[in-house]
Amino acid sequence: MTIILRTDAFRPDLQVIKQAAQILLGGGIVAFPTETVYGLGAVVFNEEAVNKIFWAKRRPPDNPLIIHISKISMLDEVAVDIPEEAFRLIRVFWPGPLTLILNRNPKVPKLVTGGLDTVAVRMPAHPVALSLIDETGFPLAAPSANIAGRPSPTTAEHVIRDLHGRVDAVIDAGETIYGVESTIVNILSKPPVLLRPGAYLVEDIERVLGTRIIVPDYARGLRESDTALAPGLKYRHYSPETPLILVEPLSSDLSKLVDTVKELSLKYIKNGFKVCVIASKETLSNYAFNSHNVIVLSIGSRLNLFEVAKNLFKVLRSLDDLGCSVAIVEGFEERGLGLTIMNRLRKASTLKIQA
Ligand code: TXA
Ligand code: MG
């Protein structure tokens with residue numbers, strides 16, 4: 001049985017929060033909104049509850065969970081020997097979509113960290129998430145609230161679609177703000193390493209840190225990660241059921257990108273396949289082929305990558321309702337949020353073509 005609880009995002013309904021906190025304190029699991037995507041939470045110290053998360057999501061047990069806190073005094077409960085650099089970032093970026101890899105407090109069950117001696121911790125910038133953690137009184141372990149491998153949920157409807165009947169409650173507070181997950185930085189490495197690009201820009205984090213952050217190929221979505229570093233990154237991710245072809249721009253010349261997407265789409269259409277094209281507002285009109293076998297979806301403006309990031313998972317999820325045999329998506333330049341968008345698109349795609 002899954003209870004659906006509704007509240008305003010900015011003025012959380014205290015009754016709803018109290019009810020959800022009671023479920024968590026009783027060992028249940030609750031999906032709740034954060035500023036990035038919906039999370040599926042359990043009290044971090046309750047192994048049985050944490051186990052339910054892995055079961056509900058069908059998540060492999062070696063893929064560790066992010067721990068969510070609502071106040072800085074909770075940090076010591078989950079992490080020890082916190083380096084000074086971490087506090088420099090925390091002061092500026094928390095609450096917000098920055099997850100830091102820190103040394104695990106032995107009180108945190110190894111089940112949460114997939115056996116690692118480190119923990120991933122963040123303080124979400126969402127009133128509902130913060131008041132839920134506060135009311136529960138414990139840090140919450142919470143991965144994204146989707147079935148493993150599917151696009152992350154940015155609305156409660158997405159969560160319900162994946163997890164109805166598998167979780168105790170879903171708090172519906174509308175659409176999330178960023179639409180992509182937090183940026184994960186291993187601050188224990190010298191120099192620090194980006195494990196996953198996210199809603200916060202690497203460039204901004206570097207500025208506050210005063211040092212460079214290493215961006216490995218796997219953080220760009222190019223190669224599988226070293227299992228020991230970021231176990232979650234080796235799994236299939238963000239994937240719609242519809243096969244997805246990503247056309248990656250090799251330069252800022254959009255005409256090459258458009259030509260390749262066009263050519264590819266026409267080839268499929270001619271062969272009788274129904275094609276979904278996912279394009280930016282700027283290039284959309286190029287795909288207005290005179291055929292009922294094409295659906296063109298807008299992912300947002302190239303001049304506003306926040307819009308693209310916010311729409312990304314929503315558009316990927318919508319593919320599966322459109323009955324296309326194949327989907328083709330335009331890529332973006334890997335600058336700013338473009339790095340995050342390309343990481344997600346590369347992981348979601350079944351085939352990558354360069355233009
Ligand atoms: O925005 C977000 O971060 C969302 C919301 C719900 O907070 N959460 C999220 O969690 O994206 P999840 O489980 O989908 O992704 C967690 C990632 C995985 O790639 C996992 O491998 C990595 O964090 N991770 C967790 N603990 C780690 C650790 N100790 N060392 C390295 N990577 C870790
Ligand atoms: Mg996830």
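Starting from segment 155-173, keep only residues that are in contact (Cβ under 8 Å) with a residue 60 or more places away in the chain and part of a loop (DSSP other than H, G, I, E, B), then list their pairs with residues that are surrounded by fewer than 20 Cβ atoms within 10 Å (Cβ to Cβ) and charged (D, E, K, R) whose Cβ atoms are within a distance under 7 Å, requiring at least 6 positions of separation or different chains.
155/175; 173/8
Could you look through segment 136-154, keep only residues that are within 11 Å of ligand 1 (Cβ to nearest atom) and outside any loop (DSSP other than H, G, I, E, B), and pick out the one that is nearest to residue 112 (Cα to Cα)?
Selected residue: 141.
Among the strands (runs of 3 or more DSSP E) contained in segment 1-70, which hold 3 or more residues that are in contact (Cβ under 8 Å) with a residue 60 or more places away in the chain and closer than 19 Å to residue 125 by Cβ? Steps first, please.
Details: elements: 3-6, 30-33, 38-43, 66-68.
Fully inside segment 1-70 and qualifying: 30-33, 38-43, 66-68.
Using beta carbons and a limit of 9 Å, which pairs, at least six apart or on different chains, have the first residue in segment 282-305 and closer than 16 Å to residue 270 by Cβ and the second one part of a strand (DSSP E or B) and open to solvent by 40 Å² or more (accessible area, probe 1.4 Å)?
Once the first residue is closer than 16 Å to residue 270 by Cβ and sits in segment 282-305, its partners that are part of a strand (DSSP E or B) and open to solvent by 40 Å² or more (accessible area, probe 1.4 Å) give 287/296; 289/296.
Would you check which residues across segment 154-178 are within 13 Å of ligand 2 (Cβ to nearest atom) and either of a type outside the set (Val, Ile, Thr) or in contact with a Gly (Cβ under 8 Å, 6 or more places away or on another chain) (or both) and list them?
154, 158, 162, 163 - these are the residues of segment 154-178 that are within 13 Å of ligand 2 (Cβ to nearest atom) and either of a type outside the set (Val, Ile, Thr) or in contact with a Gly (Cβ under 8 Å, 6 or more places away or on another chain) (or both).
Here's the yes/no breakdown for (1) closer than 20 Å to residue 182 by Cβ; (2) loosely packed, with under 15 Cβ neighbours inside 10 Å; (3) outside the structural domain of residue 29 (by TED's automatic domain parsing); (4) of a type outside the set (Ser, Thr, Tyr):
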position	(1), (2), (3), (4)
48	no, yes, no, yes
55	no, yes, no, yes
68	yes, no, no, yes
72	yes, yes, no, yes
76	no, yes, no, yes
79	yes, no, no, yes
84	no, yes, no, yes
91	yes, yes, no, yes
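The values are calculated or read from the model by the stated rules, or taken from the named source; none is laboratory data. All values derive from a computational prediction rather than experimental measurement. Cβ atoms come from the backbone with ideal geometry, glycine included; neighbour counts cover every protein chain shown. Calculation scope for accessible area: heavy atoms of the full protein, side chains included, ligands and nucleic acids excluded. Shrake-Rupley method; radii C 1.70, N 1.55, O 1.52, S 1.80 Å.
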